[in-house]
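The values are calculated or read from the model by the stated rules, or taken from the named source; none is laboratory data. These figures come from a predicted structure and were not determined experimentally. Positions of Cβ are backbone-derived with ideal geometry, glycine not excepted, and every protein chain shown enters the neighbour counts.
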Amino acid sequence: MSENQYTENETYVLNLPYHLAECGNGNDLLKYLLEFEFLQYKYRAARAQALLEDYQLALQSDIKFAEEHRSCLTAIRDAIVLSADIIDRDQTQFAGQLTARLLGSKLIGIQRLLDEIRSWAGLPWLRPTLPVLTVPGGPLLKTLRGHRGWISALVVTSAGRQVVSTDGYSIKVWDIASGREMLSFSPDAFSTIIAATPDGKKIAYSGNNDIHVLDVGTGKNILLLTGHTGSVRAITLTPDGNHLVSGSSDKSIRFWELETGRELLTLTGHTDAIKVLAVTPNGKQLITGSSDNTYKIWDISGGRELFSFEEPSDSPIYARNIAVTPDSKYLVCSRSSEILILNLITGTSRQTIENCGWRLYSTVLSADGKYIISSSADNYLRVWDFKTGEPIGNLRGHHGQVFSLAASSTDNFVLSGSHDTTIKIWDMSNPTHGPNTVHAPEPWVRPFDWMDFQGNVVR
């Protein structure tokens, strides 16, 4: 079908993959989903998400595709997912993004698609000659783009369907499956600290000495929690979502009833600002990290300190996130450039992991408990085996320091927020599988050809 015929039958064409899947016509469905002219037309008419839905429909249908054909569909789908944040802002990059991510494939269907793209003469464009972008099949799933400042905090709702992020100027809610920005709010005060209830219906954020509570449904502030006499540096919620805990530069930790805003309890014992907080999954203990270089473990019901881990004066705590194992037995935290695994039952240290000398900002655990993921000042995420402490590998993709991490408790993925203003979603089911970002070519290799309107290489 020619492009003119596509235009004349737009409604029919846009819905064609659905009808082919419904009637079990796998041959024609495969033909269209491997044809660049169709992909380009549908992308221009309905954007990346519509194309992704076609590939999902094909892959989840009862049609029995040959294994190589299924691999082709999966590779193209994943290439579109990786490119979505770019191509939905700049339509001219569709051909180039697909080419740069699929060039390394040996699949016959992919090679035929690339041959079609090479002969395409739609407009001047840079045609990649090497796979110079992150390719499908690796741990990077997608990139979320929309913030104008560096990502200071991320929170995944307990259902694992949404992530809340902030850059201080705006608070955004994203649908994780599609990567779509669902909501955006402008906080009443510049805020780099956030927390969200498990159902995602309320968001708390710090504003100077106070905590604001926002109703996501209305976009309006419904509570203002006051009482701290210094700036609020950390907030978290209890697992049931009923209580909020805040830590401040006034050295105190306060518990609040989220429904009424009533202050219930104040804990003191640190000698400097509170920097990070976490409540154990069983809701029984609170962990606090402070600029006084100590981590303290508190019994919530009794409001008393259980243990204190004091760090050397030359090993300051930079942590923005800490993690607790699902069984509430171990704390994974950091000091300076080291990861610490602390036993919350005995109050002793289990293990120390050296993080290659880089300052550590965040540590989280994968949902299956197999991996520790850390972020630091070198732009990488590092993955470690939780049991042995051995390094598994590095996740590359950000172009700035990675300040914040968040892990889903239900699905095995981790999100990272960076100084480059992007949020990336990573697959932790096997973080070492598949390819990663391709290294830059040698300086004498030309990675792109400049193509003119007629599809000729401009020399």
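Of everything in segment 101-150, what is in contact with a Gly (Cβ under 7 Å, 6 or more places away or on another chain), among the aliphatic types (A, V, I, L, M) and either surrounded by fewer than 16 Cβ atoms within 10 Å (Cβ to Cβ) or within 30 Å of Ile171 (Cβ to Cβ) (or both)? Give them in sequence order. Matches in segment 101-150: Ala121, Leu140, Leu144. Scanning segment 412-448 for residues that are of a type in the set (Lys, Arg) and at pLDDT 70 or above returns a single hit, Lys424. Each residue in segment 188-227 was checked for being closer than 25 Å to Trp150 by Cβ and not β-branched (Val, Ile, Thr), and 19 of them qualify.
Which of the following residues is closer than 15 Å to Thr363 by Cα, more than 24 Å from the chain's Cα centre (by Cα) and part of a strand (DSSP E or B): Thr266, Thr288?
On the way: Thr266 fails: closer than 15 Å to Thr363 by Cα.
Checking each option against the conditions leaves just Thr288.
Restricting attention to segment 185-201, does a residue exist that is farther than 30 Å from Asn293 by Cα, in the same structural domain as Tyr318 (by TED's automatic domain parsing) and of a type in the set (Phe, Trp, Tyr)? Checked against the condition, which is being farther than 30 Å from Asn293 by Cα, in the same structural domain as Tyr318 (by TED's automatic domain parsing) and of a type in the set (Phe, Trp, Tyr), segment 185-201 yields at least one hit. Give segment 10-25 a look and list any residue that's touching a residue at least 24 places away in the same chain (Cβ under 8 Å) and closer than 16 Å to Glu53 by Cα, or say none. Within segment 10-25, Val13, Leu14, Pro17, Tyr18, Ala21 qualify. Contact annotation: no residue pair with Cβ atoms under 8 Å, 6 or more positions apart or on different chains, pairs a residue in segment 97-121 that is in contact (Cβ under 8 Å) with a residue 60 or more places away in the chain and closer than 15 Å to Glu35 by Cβ with a partner that is basic (Lys, Arg) and loosely packed, with under 14 Cβ neighbours inside 10 Å. Of all the listed residues (Gly160, Gly96, Gly137, Gly109), the sole one being more than 28 Å from Leu258 (Cα to Cα) and assigned to a loop (DSSP other than H, G, I, E, B) is Gly137. Counting residues in segment 243-250 that are of a type in the set (D, E, K, R) and in a strand (DSSP E or B) gives zero.
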